[in-house]
Amino acid sequence: MTRVDFYQLDPARHRYDQVVCRLCQKAWDSRQLTLLLTRDPQQSQQLDRKLWTFADDSFIPHDSEENEGFVTPILVNDNPEPTGDRQLLINLSDSVPSYFAQFERVIELVTEENKAQARAHYSYYKERGYPLNHINL
């Protein structure tokens with residue numbers, strides 16, 4: 001069954017985009033194929049740029065689409081239809097995608113700006129019986 005983790009960000013200690021990049025780095029380090037599902041094309045572009053530059057000593061292979069014959073380790077896009085077989089979904093979109101259960105794990109980020117949305121997502125998963133974890137950062 002899919003495990004769902006909610007990460008509560010402390011804005012005084014963590015920048016949203018930095019946390020997203022660190023999560024992608026951890027996924028890459030542990031060889032988890034990941035879908036970073038964004039709200040819109042602008043957020044996808046912003047995070048694409050950030051993943052190239054967020055740390056001088058790291059490389060996170062990512063792309064916005066799959067290429068024939070090559071599986072992109074971190075797929076960054078706002079496409080509501082997933083491609084490929086991936087273990088981790090980092091959901092930054094405004095809704096819970098209907099296909100979330102195909103992943104081993106889902107990560108949702110909670111900020112001051114999206115608390116109401118995060119509560120709705122939490123309720124959605126809870127009503128369906130998924131194991132939920134809350135982590136304060």
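Structure notes:
- Checked against (1) in contact (Cβ under 8 Å) with a residue 12 or more places away in the chain; (2) within 20 Å of Asp48 (Cα to Cα); (3) more than 13 Å from the chain's Cα centre (by Cα), Asp78 meets all criteria but (3).
- Residues of the range 12-46 that turn out to be aliphatic (A, V, I, L, M) and in a loop (DSSP other than H, G, I, E, B), as a count: 2
- Test result for Tyr99, hydroxyl-bearing (Ser, Thr, Tyr) and either under 22 Å from Asp10 (Cα atoms) or modelled with pLDDT of 95 or more (or both): no
- Of the residues making up the range 105-133, those that are exposed (fewer than 13 other Cβ atoms within 10 Å of the Cβ) and either within 16 Å of the chain's Cα centre (by Cα) or assigned to a loop (DSSP other than H, G, I, E, B) (or both) are Glu112, Glu113, Gly129, Pro131, Asn133.
- Of all residues making up the range 47-59, the number that are aliphatic (A, V, I, L, M) and either buried (at least 17 other Cβ atoms within 10 Å of the Cβ) or part of a helix (DSSP H, G or I) (or both): 2
- Among residues of the range 61-74 that are in a strand (DSSP E or B), those with a beta-carbon under 7 Å from a residue that is at pLDDT 90 or above and loosely packed, with under 15 Cβ neighbours inside 10 Å at least six positions away or on a different chain give the pairs Ile74/Pro61.
- Of all the residues in the range 32-45, those that are touching a residue at least 24 places away in the same chain (Cβ under 8 Å), exposed (fewer than 15 other Cβ atoms within 10 Å of the Cβ) and either in contact with a Gly (Cβ under 9 Å, 6 or more places away or on another chain) or more than 16 Å from Ser95 (Cβ to Cβ) (or both) number 1.
- Evaluation of Lys26 against the conditions (1) under 18 Å from Leu132 (Cβ atoms); (2) out of contact with any Cys (no Cβ under 8 Å at 6 or more places or on another chain) shows that the sole unmet condition is (1).
The values are calculated or read from the model by the stated rules, or taken from the named source; none is laboratory data. The structure displayed is predicted, hence computed values, not measured ones. Using ideal geometry, Cβ is built from the backbone for each residue, glycine included, and neighbour counts are taken over all protein chains shown.
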